[in-house]
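J.: This is the structure I want to talk about, given as structure tokens.
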Amino acid sequence: MSQLILVFFLLLHLSHASSDVPDDFIFYGYNKSSMELGDEAKVGPNGLIQLTGGEDGRLQQFGHVFYSHPLQFKNSSTGSVLSFSTSFVFAIISQNQNSRGHGIAFVISPTKDLFRALPSDYLGLFDRSSDGDPSNHIVAIEMDTVKSQEFSDIDDNHVGIDINGLKSVSSTTAGYYTGRKSTLFRNLDLAKGDPIQVWVDYSGLRKQLNVTLAPLRTPKPLRPLLSLTRDLSHLILQSMYVGFSSSTGSSESTHDIIAWSFKMNGEVQPFEIKKLPKIRTDGHGKRDQRRQTSEALVVLLSVAATIFALAIILAIVLILRRNIQFREVVEDWEIQYGPHRFKYRDLFVATKGFKDRELLGRGGFGQVYRGVLPKTKIPVAVKRISHDSRQGLREFVAEIATIGRLRHPNLVRLLGYCRRKGELLLVYDFMPNGSLNKFLFDQPELTLDWAQRFKIIKDVASSLFYLHHEWVQVVVHRDIKASNVLLDSEMNGRLGDFGLAKWYDHGATLQTSYLAGTPGYIAPELARTGKASTSSDLFAFGTFLLEVVCGRRPVEPGAEPGEVLLVDWVADCWDRGALLETVDPKLGMDYVAEEAELVLKLALLCSHPVAGARPSMLCVVQLLEGDASLVEELNANVLGMAEQQMAGSHEKVSLSASYLSQKDSVSSLTMTEELIADGR
Ligand SMILES: *[C@@H]1O[C@H](CO)[C@@H](O)[C@H](O)[C@H]1NC(C)=O
Ligand SMILES: *[C@@H]1O[C@H](CO)[C@@H](O)[C@H](O)[C@H]1NC(C)=O
Ligand SMILES: *[C@@H]1O[C@H](CO)[C@@H](O)[C@H](O)[C@H]1NC(C)=O
């Protein structure tokens, strides 16, 4: 009875033991509760199992690790070995390729205490006496990195199946089969430091033991590296321990188990790569560290390359877009005007993209923007003209080039131009004080004193003299008026806007063209014939003089009936002996009467309805410079013109020096009224 009870308890204990100890496990690194380390084995960095080696690794040592519990390897009723499957990831890091050693082995053993063991060639599994002893009941799968003569090793980098001894039953060079038909063999260097995964599968039914290797992250090859058909029933006992053994010899090597899984009666589940402990990175692991660094570098580089490629694509797109935005029209014939041609891009930058905030003004021709040239930091005014078919563009650009060559301190300098499809840009010197118009009429709070006005008059006269007489060709401005006179930073007058200018050789005359100019400034003969000339410029200049002195527009529709036309009103006042009444009231009494009188008389003479009666610019300049004799002759000339007018002579008479020298005592005052009335 007591025996029965004992058997009962024994059975209970056995069943309890077998059900309590799982024969199906997966470990990432060392598991304290389920593993037993032996000899030199220890827990390595990151929790991996370090069988031998490490920082304090010595030569000629061995280490073991075993699953703490024995596993039931046999069907208790039939006594045949059950199918089992195990997989593990290991890494062997050798100091250098010339001193490797020795190896690592998966062991199925009846005991965890392999006390009869030696390092180096013996892999910590056997010693001289136990090697080959059938009572060992040990099956080992060795990953051997040293060619041992003693055990007839095939090479220094092989995998073998060992049964009770180190002379492998089956062995082959480490590697794996790959390719579609698994015929491609790839070598694996066991001691390179790279993690290698091993699968050991036994089929109890077919009595077949397969060993398969592959680099970590490579799926399990279909074809095993080693396959041994053998009934292990007599070898494997009912209860066996599983674990690992490794040894070093005359060189330092580190043998690590990174992960391990086991399954009885089935196939092991694959490892989750992200759960694997990181491989050691101490002195021995430099190779691996380097590898990881290089892997990181590869990732970084590929990311960088992608970003770079995207950046290039973006840049190309932007450049294409900019090219479209900044596209200009350039033709061969324009090359000769090279220096005057600006890059659209520069002008775009200069004017901050033609922002409204930079707008200086709007005219009949287009808008004018303030800008600062990006390279030279020169302030400029950029006139933007939508070009139409009014004029052949080519001709227009040629004209621009001509204007660009004009150089006079009292001309607004054309620095250059830029041409785009449907658009023309003219770049001028920037005039900080804007147009004279502003000071005369537009802004009552601004005013110019007499000295400034007289200076501006002389400036404009000087520039017009240059255009008419001093340049290689005769340039007719055709649009002289206060709003086209600009003031620089020192309040110097500068004639600008050559939008209508025409030129011809000295001695020739201009061909008839369309009528251009501004009402109130157009000479009568110009209105009749459409022929612009220096004389018609003088007519407009006369009107300009009146504007400056009187501070009035040439035509004031809202004024008293006799004062609508400025020139009529001034002539009327002259006739009444009250010429100075026409002087701008804003000046008060602060003006030089002689100068004002001179300018007013000159203005009337220039505004003479008969072209021939108007003085030349030479004469005008001399008068303004205060040539006393000419001042006297001014009146005489007006009178003389009036006499000719009355005599019915419409011949062209120039205000020549000889003519001026004929003195006449007849009062010009009485004549002027008739003269002007006649001419109108
Ligand atoms: C160790 O193993 C036991 C049983 O296999 C498991 O329950 C436990 O979670 C493991 N511990 C670690 C830290 O993996
Ligand atoms: C043991 O063998 C018997 C007979 O072949 C079978 O029925 C049983 O399932 C086996 N047990 C195990 C654990 O495989
Ligand atoms: C061993 O490998 C062979 C060939 O691939 C395969 O047919 C067999 O099923 C494998 N045996 C085990 C136990 O995995």
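The values are calculated or read from the model by the stated rules, or taken from the named source; none is laboratory data. For clarity, every value in this text was computed on a predicted model and none was experimentally measured. Note that each Cβ is placed from the backbone with ideal geometry, even for glycine, and that neighbours are counted across all protein chains shown. Heads up: the accessible areas ignore ligands, DNA and RNA and are worked out on the full protein's heavy atoms, side chains in. Shrake-Rupley method; radii C 1.70, N 1.55, O 1.52, S 1.80 Å.
J.: Check 204, 193, 165, 179 and return the single one that is within 16 Å of ligand 2 (Cβ to nearest atom) and not hydroxyl-bearing (Ser, Thr, Tyr).
T.: Working: 193 fails: within 16 Å of ligand 2 (Cβ to nearest atom); 165 fails: within 16 Å of ligand 2 (Cβ to nearest atom); 179 fails: within 16 Å of ligand 2 (Cβ to nearest atom).
Criteria check complete, one pass: 204.
J.: Somewhere in the range 502-516, is a residue out of contact with any Ser or Thr (no Cβ under 8 Å at 6 or more places or on another chain) and surrounded by 19 or more Cβ atoms within 10 Å (Cβ to Cβ)? Steps first, answer last, please.
T.: Of the residues in the range 502-516, the ones out of contact with any Ser or Thr (no Cβ under 8 Å at 6 or more places or on another chain) are 504-508, 511, 513-516.
Cutting the leftovers down to surrounded by 19 or more Cβ atoms within 10 Å (Cβ to Cβ) gives us none.
The answer is no; no qualifying residue exists.
J.: Quick one: count up the residues across the range 63-109 that are open to solvent by less than 10 Å² (accessible area, probe 1.4 Å) and within 16 Å of ligand 1 (Cβ to nearest atom).
T.: Final tally of qualifying residues: 8.
J.: Could you tell me how many of the residues in the range 230-276 are of a type in the set (D, E, K, R) and in a loop (DSSP other than H, G, I, E, B)? Break it down into steps so the answer makes sense when it comes.
T.: So the first thing to find is which residues in the range 230-276 are of a type in the set (D, E, K, R), and the list is 230-231, 252, 256, 263, 267, 272, 274-275.
Retained after the next criterion (residues that are in a loop (DSSP other than H, G, I, E, B)): 230-231, 252, 267, 272.
Of the residues in that region, 5 qualify.
J.: If you scan the range 75-100, which residues turn out to be away from ligand 3 (no atom under 16 Å from the Cβ) and over 56 Å from the mean Cα position of the chain (by Cα)?
T.: Once the filter is applied, which keeps residues that are away from ligand 3 (no atom under 16 Å from the Cβ) and over 56 Å from the mean Cα position of the chain (by Cα), the range 75-100 yields 75, 76, 77, 78, 79.
J.: Residue check, residue 128 against (1) open to solvent by 50 Å² or more (accessible area, probe 1.4 Å); (2) touching a strand residue (DSSP E or B) at 6+ places or on another chain (Cβ under 6 Å), all met but one. Which one?
T.: Against the list (1) open to solvent by 50 Å² or more (accessible area, probe 1.4 Å); (2) touching a strand residue (DSSP E or B) at 6+ places or on another chain (Cβ under 6 Å), residue 128 comes up short only on (2).
J.: Is it true that residue 26 is under 27 Å from residue 192 (Cβ atoms), open to solvent by 10 Å² or more (accessible area, probe 1.4 Å) and either away from ligand 1 (no atom under 14 Å from the Cβ) or part of a strand (DSSP E or B) (or both)?
T.: Numbers: under 27 Å from residue 192 (Cβ atoms): yes; open to solvent by 10 Å² or more (accessible area, probe 1.4 Å): yes; either away from ligand 1 (no atom under 14 Å from the Cβ) or part of a strand (DSSP E or B) (or both): yes.
Criteria met by residue 26.
J.: Based on what the data block shows, is residue 181 open to solvent by 40 Å² or more (accessible area, probe 1.4 Å), within 14 Å of ligand 3 (Cβ to nearest atom) and without any contact (Cβ under 8 Å) to a residue 12 or more places away in the chain?
T.: Working: open to solvent by 40 Å² or more (accessible area, probe 1.4 Å): yes; within 14 Å of ligand 3 (Cβ to nearest atom): yes; without any contact (Cβ under 8 Å) to a residue 12 or more places away in the chain: yes.
Against the criterion (open to solvent by 40 Å² or more (accessible area, probe 1.4 Å), within 14 Å of ligand 3 (Cβ to nearest atom) and without any contact (Cβ under 8 Å) to a residue 12 or more places away in the chain), residue 181 qualifies.
J.: Turning to a different aspect of this structure: Can you name every residue in the range 184-194 that is away from ligand 3 (no atom under 16 Å from the Cβ) and either part of a loop (DSSP other than H, G, I, E, B) or of a type outside the set (Lys, Arg) (or both)?
T.: As a first pass, look at the range 184-194 and keep what is away from ligand 3 (no atom under 16 Å from the Cβ): 186-194.
Once the filter is applied, which keeps residues that are away from ligand 3 (no atom under 16 Å from the Cβ) and either part of a loop (DSSP other than H, G, I, E, B) or of a type outside the set (Lys, Arg) (or both), the range 184-194 yields 187, 188, 189, 190, 191, 193, 194.
J.: Also: Given the condition over 18 Å from residue 124 (Cα atoms), within 16 Å of ligand 2 (Cβ to nearest atom) and outside any loop (DSSP other than H, G, I, E, B), answer yes or no: does some residue in the range 97-109 qualify? Please lay out each step first, then the result.
T.: Initial filter on the range 97-109 (over 18 Å from residue 124 (Cα atoms)): 97-99.
Subsequent filtering for residues that are within 16 Å of ligand 2 (Cβ to nearest atom) retains none.
Looking for residues that are over 18 Å from residue 124 (Cα atoms), within 16 Å of ligand 2 (Cβ to nearest atom) and outside any loop (DSSP other than H, G, I, E, B), one finds none in the range 97-109, hence no.
J.: If you scan the range 552-587, which residues turn out to be closer than 24 Å to residue 435 by Cβ, open to solvent by less than 20 Å² (accessible area, probe 1.4 Å) and of a type in the set (Gly, Ala, Ser)?
T.: Hits for the range 552-587: nothing passes.
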